[in-house]
1. Of the residues 64, 114, 48, only one is modelled with pLDDT of 95 or more, within 20 Å of residue 35 (Cβ to Cβ) and among the small types (Gly, Ala, Ser); which?
2. Hey, could you check the stretch 98-124 for residues that are touching an Asp or Glu at 6+ places or on another chain (Cβ under 9 Å) and of a type in the set (Val, Ile, Thr) and say which is farthest from residue 139 (Cα to Cα)?
3. Based on this model, can you work out whether residue 89 counts as modelled with pLDDT under 95, crowded, with 22+ Cβ neighbours inside 10 Å and within 13 Å of the chain's Cα centre (by Cα)?
4. Across the stretch 169-205, what is the number of residues that are in contact with an Asp or Glu (Cβ under 9 Å, 6 or more places away or on another chain), surrounded by fewer than 17 Cβ atoms within 10 Å (Cβ to Cβ) and more than 18 Å from residue 136 (Cβ to Cβ)?
5. Can you tell me which residue within the stretch 93-119, out of those that are surrounded by 15 or more Cβ atoms within 10 Å (Cβ to Cβ) and part of a loop (DSSP other than H, G, I, E, B), is nearest to the chain's Cα centre (by Cα)?
6. Can you find, within the stretch 227-256, the residue that is modelled with the lowest pLDDT among those that are of a type in the set (D, E, K, R) and part of a strand (DSSP E or B)?
7. Being under 17 Å from residue 155 (Cβ atoms) and out of contact with any helix residue (DSSP H, G or I) (no Cβ under 8 Å at 6 or more places or on another chain), is that true of even one residue in the stretch 200-210?
8. Output the residues belonging to the stretch 124-137 that are crowded, with 19+ Cβ neighbours inside 10 Å and either in a strand (DSSP E or B) or of a type in the set (Asp, Glu) (or both).
Amino acid sequence: MFKKSVAMFLGVVLIFSMIPYASAVEGKDKYVVAKEVILKTQEDFIQSMKKLSPKNDDEADEFSTQYFKDNPVNEEHLINFYKKEKTVLPNATSGDTIDIDNYILSNIDEGNFSEHDLGNGIKLVLTDSPTYFITSVSETPIVENKFQVKARTKEHKLVYRAKNMFGIELFKVHNAAYFTYGGKSPRAHQTSAYYKRGTTSLWRVENWKKGTRSVPGNKAQAYAEGNFFTGFAFKGFDIIMQEWHITNTITCNNKGKVERSGRVK
């Protein structure tokens, strides 16, 4: 658990004001109804995003935001969902260290999340909650230097956005690098790394770090990581506050094989 004080945030809450709530089917658990609405919303959301075919992650971000502005989900469903599921990232606990790529891919492998290809290296990842992810994986050739002795990989860029279908943006973490290899050991060259602030009322990042390092197995790694804290509240239930150590890493061995979270690209 990271050391931080949240007392100064407790008076700040995020209140959503949306269309009036239509009563749940009589006798049906409100949480069950909320889950059904979430799943139906996801189906329509997928089809809309595929038709729009975003060219990059920024465009995908804009399309997704606009979708939920045009198709707002009833506030009461959100309240009923979070009254029971008091977590922002599914299958993660506050205080966890999360390699964001491995977290998403593992949950897809286990059937907890579903991945949908939008083209141009962009994927929409849906969970069994209001949270969804927009991921972007791209490779760009690097102009060769005729005096360069070592071999060089393409530039690899990994971008992860965590959002919420009720209008919340949790975070964005970006990492890009290329690698030289073939000598005694590989070397990482980070070209860009940053995070984007979320839109929850309670939000901050501590101990943000970026750079390159050597890792076991004669590999080089470019990393971007920090302690992310987020929190929000809705009418009808207490504030939800969570924190995670989020990492975004790209690794390469001395044969030029690039990995993300230990998985070969």
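1. 114
2. Going through the qualifying residues, I end up with 108.
3. Working: modelled with pLDDT under 95: yes; crowded, with 22+ Cβ neighbours inside 10 Å: yes; within 13 Å of the chain's Cα centre (by Cα): yes.
In short, yes.
4. The number of residues fulfilling the criteria is 2.
5. 113
6. Step one: of the stretch 227-256, the residues of a type in the set (D, E, K, R) are 235, 238, 243, 255.
Adding the requirement that they be part of a strand (DSSP E or B) leaves 238, 243.
Values: 238: 62, 243: 92.
Looking at the filtered set, the residue picked out is 238.
7. Going residue by residue through the stretch 200-210, those that are under 17 Å from residue 155 (Cβ atoms) are 210.
Filter once more, so that each one left must be out of contact with any helix residue (DSSP H, G or I) (no Cβ under 8 Å at 6 or more places or on another chain): 210.
There is at least one residue in the stretch 200-210 that is under 17 Å from residue 155 (Cβ atoms) and out of contact with any helix residue (DSSP H, G or I) (no Cβ under 8 Å at 6 or more places or on another chain).
8. Passing the criteria: 124, 125, 126, 131, 132, 133, 134, 135, 136.
The values are calculated or read from the model by the stated rules, or taken from the named source; none is laboratory data. Quantities reported herein were computed from a predicted structural model and do not represent experimental measurements. Here Cβ is always computed from backbone atoms with ideal geometry, including for glycine, and neighbour counts include all displayed protein chains.
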